[in-house]
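The block underneath contains the structure these notes are about, expressed in structure tokens.
The values are calculated or read from the model by the stated rules, or taken from the named source; none is laboratory data. Everything quoted here is computed from the prediction, not taken from an experiment. Heads up, the Cβs are rebuilt from the backbone with ideal geometry, glycines too, and the neighbour counts pull from every protein chain shown. Heads up: the accessible areas ignore ligands, DNA and RNA and are worked out on the full protein's heavy atoms, side chains in. Shrake-Rupley method; radii C 1.70, N 1.55, O 1.52, S 1.80 Å.
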Amino acid sequence: MKQKLPLHKQAELYLRNLIEQDEYKEGKMLPNEIELSEQLKMSRNTLRQAINTLVSEGLLIRKRGIGTQVAEKNIASEATNWLSFSQEMALLGLEIENFELHISKQAPSKEAKEFFQITDDTRVLKLERLRGKTNFPFVYFSSEFNPQIPLTGMENFNRPLYEILRNDYDIIVKTSREEISAAPANDFIASKLEIETGDPILIRKRAVSDKNGLPIEYNIGWYRADSFTYKIESVRNITNNNNKL
């Protein structure tokens, strides 16, 4: 006799079928957990296990204090030729919104101090921005700038950053060293990205230099893991000798 699926798997199958319906593909919120658990005649804990599975796969998005909805196609970035965030989003045809923008001058972080080779008592310009698609913030950025460059903090940072550097100050960025890691969201980042504390996020660190090798910017981006994919293409160096591979 064929065995029944475990309850959480039944709920998972139900949700997978539900989110394929056109109305949910267009962004309609799922029924709340109480309604769904009553429909499926199972506990909210069992239902939540199924929802968490689909969230981890990037199929559902939980919004704190709002509910759960179907995720749009993930935003993808490729490492073959690095771009600014604005350029990445423009290539994907996405209109980006700044939800928050904060400018300050303060002591550098340890990483920025080492990258810029400055002392602890040197103050740096810091730009923090919460950015995303319309009505959907998905990344919080923190940028620190080398005090050697002439940024004042009075610039219009609704313009693309590297456009400001190029057009206003003749600074052309060329090199970006990146480091990407996964981590649980702390309270601060969770509140900004409208997720739960402990939900998975991707942390993307960039050390950006100009065409002359001068360190320009140290940037950290905290991304919702359900909204960002990073693609890497590697090319193997092939030589025409008889060395064994």
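Give the residue that is nearest to Thr197 (Cα to Cα), with candidates limited to residues of segment 33-55 that are polar (S, T, N, Q) and modelled with pLDDT under 85.
Asn52
Mind checking whether some residue in segment 223-245 is within 24 Å of the chain's Cα centre (by Cα), open to solvent by 20 Å² or more (accessible area, probe 1.4 Å), closer than 29 Å to Phe116 by Cβ and at pLDDT 90 or above? Walk me through how you get there before you give the answer.
Looking only at segment 223-245, we keep the residues that are within 24 Å of the chain's Cα centre (by Cα), and these are 223-234.
If we keep only those that are open to solvent by 20 Å² or more (accessible area, probe 1.4 Å) too, we end up with 225, 229-234.
Next, from what is left, pick out any that are closer than 29 Å to Phe116 by Cβ: 230, 232.
Going one step further and asking which of them are at pLDDT 90 or above, we end up with none.
No, segment 223-245 contains no residue that is within 24 Å of the chain's Cα centre (by Cα), open to solvent by 20 Å² or more (accessible area, probe 1.4 Å), closer than 29 Å to Phe116 by Cβ and at pLDDT 90 or above.
For the structure I just gave you, tell me whether Gly65 is within 15 Å of the chain's Cα centre (by Cα) and modelled with pLDDT under 80.
The answer is no for Gly65.
Looking only at strands (runs of 3 or more DSSP E) that lie completely in segment 105-220, which have at least 2 residues being loosely packed, with under 12 Cβ neighbours inside 10 Å and without any contact (Cβ under 8 Å) to a residue 24 or more places away in the chain?
The strands (runs of 3 or more DSSP E) meeting that bar number zero.
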